[in-house]
Amino acid sequence: MLRFLSKIDQVDLFLFTRVTMDSSSPFQSGQIVKLDHDHHCLYAEVIQVVTTRQVCWVRPLMLVEFSGEDHSPEPPFWASPPPQNLYNLRDSSDLIWPLKLFQPAIDTEVIPLLVQLDSPDGKNSQAATTAHQQLRTFIRQVWQAYPDAFPQ
């Protein structure tokens, strides 16, 4: 009898969770999204989407810097040259940014980068100070490039 009740509780919790989730949101919590800008790509994990304000609370994972004009943010990602620099941003601050700037990331593009980020040799992962400086620069560039996306 206790097992049966716990199953019912699990179903109730599942149904409650499904009902309370915002179905109009383009992203779900835990989903990896990206923002491409000027040979850089910010990958972040969605924490929450506030559809009424059209903003997305994200936790940055990494910033990828590509060299030259060969990088294409569109799939297939594997056709692009390898990144020039890969910055680990997992210890950086969360961002609350306009929803329209993000697009879903594809697992085939994210997984190799995460593996490279965690590589034991660490040659492709930059120091934390440099990574945070690069993120600040990227944020400034995006603000300047999309002023209408950031209402005053």
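Would you check if there is a residue in the stretch 36-45 being at pLDDT 85 or above, out of contact with any helix residue (DSSP H, G or I) (no Cβ under 8 Å at 6 or more places or on another chain) and in a loop (DSSP other than H, G, I, E, B)? Yes: the stretch 36-45 contains one or more residues that are at pLDDT 85 or above, out of contact with any helix residue (DSSP H, G or I) (no Cβ under 8 Å at 6 or more places or on another chain) and in a loop (DSSP other than H, G, I, E, B).
Kindly establish whether K123 is modelled with pLDDT under 95, of a type in the set (K, R) and not in a helix (DSSP H, G or I). Full working, then the answer.
Numbers: modelled with pLDDT under 95: yes; of a type in the set (K, R): yes; not in a helix (DSSP H, G or I): yes.
Yes, satisfied.
The values are calculated or read from the model by the stated rules, or taken from the named source; none is laboratory data. Computed from a predicted model, the values in this text were never measured in an experiment. Positions of Cβ are generated from backbone atoms using ideal geometry, with glycine treated the same way; all protein chains shown enter the neighbour counts.
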